[in-house]
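What follows is one structure encoded as structure tokens, with my remarks underneath.
The values are calculated or read from the model by the stated rules, or taken from the named source; none is laboratory data. Values in this document were obtained by computation on a predicted structure and should not be read as measured data. Glycine also receives a Cβ, built like all others from the backbone with ideal geometry; neighbour counts cover every protein chain displayed. All accessible areas refer to the heavy atoms of the entire protein, side chains included, with ligands and DNA or RNA removed. Shrake-Rupley method; radii C 1.70, N 1.55, O 1.52, S 1.80 Å.
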Amino acid sequence: MLPVDNHVHTVWSYDTSDSAKMARCCEQAIAIGLPAVAFTEHLEFTDGGEGDQVAGITTDARWWGRVKPLDVTGYLAEVAECRERFPQLRILSGVEAGESHLFAASASGIVRGGDFDRVLGSLHAVPHAGRLVAADALFGLMSDYEVMRYYFAELIRLIEGSDLFQVLAHLDFPRRYWPRGAHLYTEAPLEEEYRAVLRALAKTGRALEINTKTPMASVDMVRWWREEGGTAVSFGSDAHQPHRVGDRFKLAVDIVEQAGFRPGRDPFDFWRA
Ligand SMILES: [Zn+2]
Ligand SMILES: [Zn+2]
């Protein structure tokens with residue numbers, strides 16, 4: 001049996017099109033044999049509220065202008081509708097919280113007030129020179145590997161500074177935008193930095209996501225996770241279109257199994273070491 005897809009976006013996320021219908025995602029999940037799917041819509045904020053650390057950091061309008069707040073009520077109503085319509089599929093509610101260490105008060109106000117089965121933690125933007133900028137905007141400002149080091153340093157601040165999320169999503173997000181080509185990116189030169197991130201995450205007892213939209217993690221990297229004390233792995237397609245739900249899961253399962261992780265007793269649970 002395939003693992004749960006714990007990372008799917010629908011029309012309720014600001015960066016999807018009208019074709020990203022929740023019901024279509026459910027049909028796709030059933031068609032390819034997924035036991036469950038989690039709809040983890042983007043939870044991003046356009047400015048900091050009271051108590052948020054981001055106050056004092058200017059936000060980059062190019063990236064910021066696109067972000068729209070999540071309509072939690074509308075979203076949860078559609079989750080309830082889909083649960084009725086597709087009883088053969090376990091449907092988990094969720095959010096993908098961006099930079100929840102910088103927006104701690106705003107983010108926790110929504111997460112703790114809502115009924116979410118899955119909360120992913122993400123770092124899409126990083127503070128740089130007094131501004132919050134999209135992570136890929138760092139390429140060109142420093143060497144390519146320096147970008148990854150800069151990103152990982154902030155990622156550790158996210159892990160240590162926020163207990164809001166259960167799963168760390170796409171831990172090396174900027175690799176998607178590797179200037180020489182995403183397929184040419186390799187983790188090996190950054191082993192030490194990866195291990196530092198993985199160690200920090202393992203200490204908090206949370207799960208590492210294998211993101212199948214990002215160029216795939218290597219078996220070595222998933223092994224580092226295990227060696228640094230990681231015990232749980234979550235699979236996520238990061239689909240923004242229905243046909244991407246569960247995308248490349250067979251390959252991801254192969255990688256995770258080679259690194260020593262297995263399905264839990266509960267088919268809806270994370271995979272365990
Ligand atoms: Zn993301
Ligand atoms: Zn996502």
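Descriptive notes on the structure:
- Residues of region 38-58 that are assigned to a strand (DSSP E or B) and of a type in the set (A, V, I, L, M, F, W, C): Ala38, Phe39, Leu43.
- Any hit, region 66-79, residues being closer than 30 Å to Leu2 by Cβ and free of Cβ contacts under 8 Å to residues at least 40 places away in the same chain: yes
- For region 149-194, a residue qualifies if it is within 16 Å of ligand 1 (Cβ to nearest atom), β-branched (Val, Ile, Thr) and touching a helix residue (DSSP H, G or I) at 6+ places or on another chain (Cβ under 7 Å), and exactly one does: Ile159.
- Of all residues making up region 1-37, the number that are open to solvent by less than 40 Å² (accessible area, probe 1.4 Å), of a type in the set (Gly, Ala, Ser) and in a loop (DSSP other than H, G, I, E, B): 3
- Residues being modelled with pLDDT of 95 or more, closer than 21 Å to Val126 by Cβ and of a type in the set (A, V, I, L, M, F, W, C) - total across region 50-102: 2
- Residue, nearest to ligand 1 (Cβ to nearest atom), within region 1-53, restricted to residues that are under 21 Å from Trp271 (Cβ atoms) and of a type in the set (S, T, N, Q): Thr40
- Of all the numbered requirements in (1) touching a residue at least 24 places away in the same chain (Cβ under 8 Å); (2) farther than 26 Å from Leu171 by Cα; (3) not β-branched (Val, Ile, Thr), Leu92 misses one, and that requirement is (2).
- Checked against (1) open to solvent by 10 Å² or more (accessible area, probe 1.4 Å); (2) closer than 21 Å to Arg118 by Cβ; (3) among the hydrophobic types (A, V, I, L, M, F, W, C), Leu251 passes all but a single condition, namely (2).
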